[in-house]
Amino acid sequence: MSIRIEQVTKIYQGVPVVNDVTIEIPTGEFFVLLGPSGSGKSTLLRALAGLTPIDHGRMALHERDVTHLPARERGVGLVFQHYALFRHMTVADNIEFALRVRRVKAAERRRRRQELLRLVALEGYDERYPAQLSGGQQQRVAVARALAHEPAVLLLDEPFGALDAKIRVELRDTVRAVQRRLGMTTILVTHDQEEAFSLADRIGVMQMGRLLETGSPEQLYRTPATRFVATFLGAANLFLGDISGRGLQLGSATIAPGRAGIAAAAGSQAVLVVRPEDIEIAAADTTPRSRHFARGSVASLAFAGHQQHAVVRLDHRSGIEPAVADAHDPDAAVTIQVLRSATEQAQLPVQVGMAVELGVRRVHALPTPISSFHVVTADATAARALQESPLLLQLTRSMQARVRVHAAVAPEERLDAGVVVLPLGDGAVAAIFALIAQSARRILCIPPGSALPGRIRVHAGGEVPRSELLALVSSVMRHLPVEAGFVSLQRPAASRSEVVEAHRELLDARAELRGGHGLDLRTEGYVGDLSGWVQEIAALPDPTLLVLGLPSTPAALTGRLHGELASLFEAGARLPLLLAVGAGATRSSDRVSAAAGERP
Amino acid sequence: MSRVLPTPLATVVAWRPRRNRQRQILPGFGLTAGYTVAYLGLIVLLPLSAAFLRASELPPEEWLRILLAPRVLAAFRVSLGSALAAAAINAVTGLLIAWVLTRYRFPGRRLLDALVDLPFALPTAVAGIALATLYAPNGWLGRLLAPLGVQVAFHPLGIVVALAFVGLPFVVRTLQPVLGDLDRDLEHAAETLGATRLTIFRRVILPALLPALVTGSALAFSRALGEYGSVIFIAGNIPLVSEIVPLVIMTRLEQFQYPAATVIAVAMLLLSFAMMLGVNLLQLWLQRRTGVRR
């Protein structure tokens, strides 16, 4: 591994701008850190270069720990957005700067300089001053300068940001060619998705300080794990689909449960990603070649060279529900974006207003169990207060998830889709019992008037499979810019094997989260029992979001809610809770049969 | 439009659109240029040429006699020497102060920043009196320095102190904006390339600040050369030791030796002008070197 970044955290004014980021980059890889401005990508790069001190974590370059080394001893080459050339020096002096401070002999310096200038195609520019060069040429000089001391890694901080489109593409090719030729491990920071696609071996997408997802451009485009990545890397239609025993339902289409992506989706409802180019438009009352899923009418068309952008308004009976909340008008008709190739346009020309059938070629289901939020309370003011609570607002905003308010829930209605939200207070325990009886699997309890939690703490408890709990935790972690930690408990008089077991649980949880979700979190061992730990967390000055597993059998549940966790529900309790309920054996068979019964 | 053009080539040249004829946002070049010339003539050139005229009434031998008098030569030496010393001190301390004020955020920074302008606002005579009382052998600071054998007030050293006081804001105020605009990434780049802090300062920061530092110091120097008010109170004005040129001119005027006074004044004027010209040429060379075209 050329670059190892482990749990690197940078806190700025109390907010983690880089939050437990772990990346391993093999030698020779071109890694692109992609993210919107303010996502922490530049901070991470500068931390790696040694220009910004970090608050937690370790960094190694070629297996050499550089965490506490000053920038000048790290041996990195850094290229800046605004070139940062020394303007009072010639091109030659700029490139030789790193060699001069290392007291390299003049002849050797000249040889190296000429080699580098040839590499960036600027031979003969030695005696020019930066002000006499164009922006693109200046950035070439900056690249040559950064390579002069044969750095261990090359770091590029938005290097093409200040250049115009044509020069940008040209320089991009140069940088890629130089990187390939030298086999130099490289990290490039950008907010430009196209740039990332054209350069990267692997992309890491950052948002709110977290490394959301890592993968090859194709992986991230075809099988994203989050709504953010799905929409940040190209256009996407996001819908909610129901998962039953027979498969996944999107409008009139049923997709087999075994298909990639859908198998990974957790819960009974999934967020579906449909790329605009994966939708087929067929004439009304004909059958599309791909799987038919809805009908609609063309709402607008836009010319895009050899392609055509179409927006189709779906028939209101299509039964398709968008996964993204429309802030302006929740009752607006559902529309879908379609991108048509020249061949498709030739086969079926469409006009605005034309009725069409829609087919879908490919669907991807996000693995998040948080497909939507369901506020369940009869009290309208309480429902509004919940919707406006900082925690739910933050989650729904950054997830762009929909919130539904259910004033009354019919006794036979199933609540296993998404997350059920209820206020923490009088009657919360009774409400939780009722919700679990109605097969609610994920319950978020928010204390009235609570602030945004300052950290997340997770305790598995044993009733919920760890993979299920971590799927939930990873979804929450990605959308709350706070520190997250996994906690194992051990009795004060624990035996040797119990201690080993507690440690193994921590290591396994972290490894599984890193392997399965590409995320990292802190681990903590607590000596004591559950009630003691819970009370200690509650005594901290700022509130903590507790993620806990709960048993589903009534007897075990009573023991837990009225026993160890009782203090969390007492009057004045102020910790928000995210409860994951284990699926009991009877429940899960019950669920399959019920699902089968729904759609005979 | 009945201009006669001698050759066809001239026609081509004459018809080429003039490059300076870009549309200006504010109209009226003729009016403003006329006003500028008239104003500068009235306020700057007229009094100066009067001095020249007055001085030219005297024959050259008389000029030499006046200028080469030991007292006058000594005054030139004191004036130039102390102005140079003060400018050098201000270049160093001004850079330090500008650095602290732009690079760090600390309580009281704005107050300190406002304090820098005080020498601008204060009547310089007040500053001279204050410095004289402070550095007099029985003053607060003078009392401490006297046992060490250091005399400041009524000594050329006092002149340097007064001139350093007067010239400080020039250096600080010219450096501040340049330092504020200095791209921090230059330092970061040098750091990742392996430079130590000293190297970064010497090879990256200082060269970038040099033009502004030269301008600021030159302004401080020329201000010091013409300073009168603060110096006469602290200098002691001992002929041949701590007498400055402006005082010599004043003395001649008080003795009604107007021609002599003007001769010394004109010499001073020419000297200042030559130095300013030198500084401007240095400035031009510095800009050329960085390839910045203006």
### Query
Given A:530, A:513, A:506, A:521, which one is buried (at least 16 other Cβ atoms within 10 Å of the Cβ), of a type outside the set (Asp, Glu) and over 29 Å from the mean Cα position of the chain (by Cα)?
A:530
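One line per residue, one yes/no per condition, for (1) surrounded by fewer than 19 Cβ atoms within 10 Å (Cβ to Cβ); (2) within 12 Å of chain B (Cβ to nearest Cβ); (3) over 23 Å from residue A:188 (Cβ atoms); (4) of a type in the set (D, E, K, R):
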residue: A:64; (1), (2), (3), (4): yes, no, no, yes
residue: A:69; (1), (2), (3), (4): yes, yes, no, no
residue: A:97; (1), (2), (3), (4): no, yes, no, no
residue: A:103; (1), (2), (3), (4): yes, yes, yes, yes
residue: A:111; (1), (2), (3), (4): yes, no, yes, yes
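Rundown of residues vs (1) under 27 Å from residue A:14 (Cα atoms); (2) hydroxyl-bearing (Ser, Thr, Tyr); (3) crowded, with 19+ Cβ neighbours inside 10 Å, yes/no style:
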| position | (1), (2), (3) |
| --- | --- |
| A:180 | no, no, no |
| A:190 | yes, yes, yes |
| A:204 | yes, no, yes |
| A:217 | no, no, yes |
| A:221 | no, yes, yes |
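Of the residues that make up the range A:72-88, is at least one of a type in the set (Val, Ile, Thr), within 12 Å of chain B (Cβ to nearest Cβ) and surrounded by fewer than 22 Cβ atoms within 10 Å (Cβ to Cβ)?
no
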### Query
Which of (1) part of a loop (DSSP other than H, G, I, E, B); (2) within 12 Å of chain B (Cβ to nearest Cβ) does residue A:141 not meet, given it meets every other one?
(1)
### Task
Look through A:76, A:66, A:15 and report the one residue that is within 18 Å of residue A:204 (Cβ to Cβ) and either out of contact with any Asp or Glu (no Cβ under 6 Å at 6 or more places or on another chain) or of a type outside the set (S, T, N, Q) (or both).
A:76
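Has the range B:115-124 got any residue that is among the acidic types (Asp, Glu) and part of a loop (DSSP other than H, G, I, E, B)? Don't jump to the end; show me each part of the working.
Just the residues of the range B:115-124 that are among the acidic types (Asp, Glu), to begin with: B:117.
Of the ones still in play, those that are also part of a loop (DSSP other than H, G, I, E, B) are B:117.
Scanning the range B:115-124, I find at least one residue that is among the acidic types (Asp, Glu) and part of a loop (DSSP other than H, G, I, E, B), so the answer is yes.
Residues checked against (1) in contact with a Gly (Cβ under 8 Å, 6 or more places away or on another chain); (2) assigned to a helix (DSSP H, G or I); (3) charged (D, E, K, R); (4) surrounded by 19 or more Cβ atoms within 10 Å (Cβ to Cβ):
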{"residue": "B:238", "(1), (2), (3), (4)": "no, no, no, no"}
{"residue": "B:242", "(1), (2), (3), (4)": "yes, no, no, yes"}
{"residue": "B:252", "(1), (2), (3), (4)": "no, yes, yes, yes"}
{"residue": "B:265", "(1), (2), (3), (4)": "no, yes, no, yes"}
{"residue": "B:271", "(1), (2), (3), (4)": "no, yes, no, no"}
### Task
Please indicate, with yes or no, whether at least one residue in the range B:150-173 is more than 14 Å from every other protein chain (Cβ to nearest Cβ), outside any helix (DSSP H, G or I) and in contact with a helix residue (DSSP H, G or I) (Cβ under 6 Å, 6 or more places away or on another chain).
yes
### Task
Could you list all residues from the range B:208-224 that are touching a residue at least 60 places away in the same chain (Cβ under 8 Å) and within 14 Å of another protein chain (Cβ to nearest Cβ)?
B:209, B:210, B:211, B:213, B:214
### Message
Pull out all pairs, ordered by first then second residue, where Cβ-Cβ is under 6 Å, the residues are six or more apart or on different chains, the first lies in the range A:102-127 and is without any contact (Cβ under 8 Å) to a residue 24 or more places away in the chain, and the second is crowded, with 17+ Cβ neighbours inside 10 Å.
### Response
A:109/A:96; A:109/A:99; A:123/A:117
### Task
Could you tell me whether the range A:23-39 includes any residue that is facing another protein chain (nearest Cβ under 9 Å) and touching a residue at least 60 places away in the same chain (Cβ under 8 Å)?
no
### Summary
Going through the range A:144-173 in order, the residues found to be buried (at least 18 other Cβ atoms within 10 Å of the Cβ), charged (D, E, K, R) and away from chain B (no Cβ under 14 Å) are A:168, A:172
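No lab work stands behind these numbers, since they all come straight from the coordinates. The structure presented is a predicted model; accordingly, all values stated were derived computationally and were not measured. Virtual Cβ from ideal backbone geometry, glycine too; neighbours counted across all protein chains shown.
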